[in-house]
Amino acid sequence: MKRQKRSDSQNDNPFQVLTEELIFLILDFLETAPLDKKSFALTCKAFYAAEARHRRALRPLRAEHLPALAARYPSVTDLDLSLCPRVGDGALALVAGAYGETLRRLDLSRSRWFTGNGLLNVGARCGNLVELDLSNATELRDAGVAAVARAKNLRKLWLARCKLVTDMGIGCIAVGCRKLRLICLKWCVGIGDLGVDLVAIKCKELTSLNLSYLPITEKCLPSIFKLQLLEDLVLEGCFGIDDGSLGVDLLKQGCKTLKKLDISGCQNISHTGLSKLTSISGGLEKLILADGSPVTLDLVDGLNKLSMLQSIVLDGCPVTSEGLRAIGSLCISLRELSLSKCLGVTDEALSLLVSKQKDLRKLDITCCRKITDVSIASIANSCTGLTSLKMESCTLVPQEAFVLVGQKCHYLEELDLTDNEIDDEGLMSLSSCSKLSSLKIGICLNITDRGLTYVGMFCSKLKELDLYRSTGVTDVGISAIAGGCPGLEILNTSYCTSITDKALISLSKCSKLKTLEIRGCILVTSIGLAAIAMNCRQLSRLDIKKCYEIDDSGMIPLAHFSQNLRQINLSYSSVTDVGLLSLASISCLQSFTMLHLQGLVPGGLAAALLACGGLTKVKLHLSLRSLLPELLIRHVEARGCVFEWRDKEFQAELDPKCWKLQLEDVMQ
């Protein structure tokens, strides 16, 4: 007997009663979960079409995908082409035609091959464009920049490292884009006083101006300081500006709204010039003086009028005890302080400083090699609200000091203890910091699985863990982390030589893992790598250098399951051209490094280079240069790939303690 057909009511899709507004609301909740969003779109044709109409942002890997993407996604407002190595004028014309009414943000920061004609299409046809990033367009000239001036509604423009642009080109921008609020001209060494002067005069709504490493002098400063809305001014590496450039009359003109000032590397500005600059605005909140003049009492005295100052960056500056004590006394509202690589930091001065800065949230004392447990005790007792503490290579701090940090600083989210004497007792204490999301304990030779077990038990929010050369860690510790930190995204276990496949199999439970570095883990094989590939589908960066037991059998699961892989280092492994060819099926793959691959033959390498169409960077040994056809190299380069040829000898691995002693000799 034939089955009766189901009634129309039984065939109805219950989701069809949902309005597009409700479906869009559901998709809004899935913005941070791309895999879930993909699953939603594949549920049915209606959802597939709805997701296409809802999509506002695109980040394609290759420009040749643009025609299909433009046909599927009609409402894109944010287009990021920074992953496309080659974006020609034709591609930009297509973008302008497809998204002329909707496009608001366009990122070309790592793209090449376009000219002024392509930019003219975008500028003339995309009337709603408000943000454009052309950073690293090293071949872009004045004619191309002049085309951008057609985008009259532009609010933000990045031209970092556009070294061929001159005053003439930036002058066209100043005249055409008068609504600009942010412009970045970092390393635009062809732009001088005239160009900057024009920008400041014409673009009166500017709130952010980055002039890093420009050959400017005092001639353009009057126009800059007349900007009534300027909040962020970056003069990093502007060696043409000195104390004499900063006249009293000049500084009286304006900039009362300035909140952030960066004069790092301006060694011609002493405490005298700084005092003049800081008198511009009493509302300054962040001051960056890295690699500048010595931090003396006179310099800090220039900060006494900055009642709103919350952040000071002094990285690389020589400091005096008087200067640090003055910071503690005069800067009463500090929340961030960076003293990374500052020579002259002592226990006495640092202790006094932090004792008066109880609201400090972020502290960086990286490579302050003179401090001991005295400073750490003062930090722990005074700054209990710390969320970030960076103290790499503070080698005089004893093991006991880290216990106190864990007991007092319960709000820590970021902690860098690389190259320190911390042990398992210290990790047990620090595990009470339940909000910890980033922990770096590389080159810590006193920690073992016992300490890591505590971290795995109590730091469930951990996303980044660095165990580089912490050789006391084995499979047991990694398994504890994998079991207790399901949100782990970044893991570095390079040169932890006791780790085996068992650790990788445990890690395969961390489905959000994106970066895995297991360089020098000589016991790991293709079996462990296969477990990672099958279960960690979001993996985008993999380093298996000097994993001698990983061969072609590990590449096949990667090729099949790791379709998000973008960067891989295969140096010194046992992978041959067969395994390399299998990786060609990963459409996302953009960069690989292959040095000293014994099983690699020129023919196989050539085939892999041709098959991997999305490559943007390849590192190879110089000896292979003459073995590859010149036409092949030119063809791959024409697709947007950059070759880096390294003449590097085969290196044997050192004992960890011997390696650390060599590092200390270099740093002294």
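The values are calculated or read from the model by the stated rules, or taken from the named source; none is laboratory data. What you are looking at is a predicted structure, and each value in this text was computed from that prediction instead of being measured. We place every Cβ from the backbone using ideal geometry, glycine too, and count neighbours over all the protein chains shown. Accessible surface areas use protein heavy atoms only, side chains included; no ligands, DNA or RNA. Shrake-Rupley method; radii C 1.70, N 1.55, O 1.52, S 1.80 Å.
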Selection within the range 235-263 - within 21 Å of D301 (Cα to Cα), surrounded by fewer than 21 Cβ atoms within 10 Å (Cβ to Cβ) and at pLDDT 85 or above: D242, D243, K259, K260
Close pairs from the range 625-638: first farther than 16 Å from G604 by Cβ, partner part of a helix (DSSP H, G or I) and open to solvent by 80 Å² or more (accessible area, probe 1.4 Å), Cβ under 9 Å, at least 6 apart: H635/L610
Single residue of A401, A380 found to be crowded, with 20+ Cβ neighbours inside 10 Å and within 25 Å of I332 (Cα to Cα): A380
Tally, over the range 337-366, of residues that are over 14 Å from V319 (Cα atoms), in contact with a Gly (Cβ under 8 Å, 6 or more places away or on another chain) and open to solvent by 10 Å² or more (accessible area, probe 1.4 Å): 6
Of all residues making up the range 599-608, the number that are under 16 Å from M555 (Cβ atoms) and not in a loop (DSSP other than H, G, I, E, B): 4
Segments classed as strands (runs of 3 or more DSSP E), wholly inside the range 168-237, with at least 1 members that are touching a Phe, Trp or Tyr at 6+ places or on another chain (Cβ under 7 Å): 182-184
Some residue of the range 597-604 being crowded, with 18+ Cβ neighbours inside 10 Å and farther than 23 Å from L81 by Cβ: yes
Residues (open to solvent by 60 Å² or more (accessible area, probe 1.4 Å) and among the charged types (D, E, K, R)) located in the range 189-234: K202, K204, E205, E218, K219, K226, E231
Residue check for R86: open to solvent by 70 Å² or more (accessible area, probe 1.4 Å), touching an Asp or Glu at 6+ places or on another chain (Cβ under 8 Å), over 22 Å from S562 (Cα atoms) and not polar (S, T, N, Q): no
Residue that is most open to solvent (accessible area, probe 1.4 Å), among those in the range 100-117 that are in contact with a Ser or Thr (Cβ under 8 Å, 6 or more places away or on another chain) and assigned to a loop (DSSP other than H, G, I, E, B): R110
Residue check, Y73 surrounded by 14 or more Cβ atoms within 10 Å (Cβ to Cβ) and either closer than 19 Å to S111 by Cα or not basic (K, R) (or both): yes
Condition met for V578 (touching a helix residue (DSSP H, G or I) at 6+ places or on another chain (Cβ under 6 Å) and either open to solvent by less than 10 Å² (accessible area, probe 1.4 Å) or more than 17 Å from R519 (Cβ to Cβ) (or both)): yes
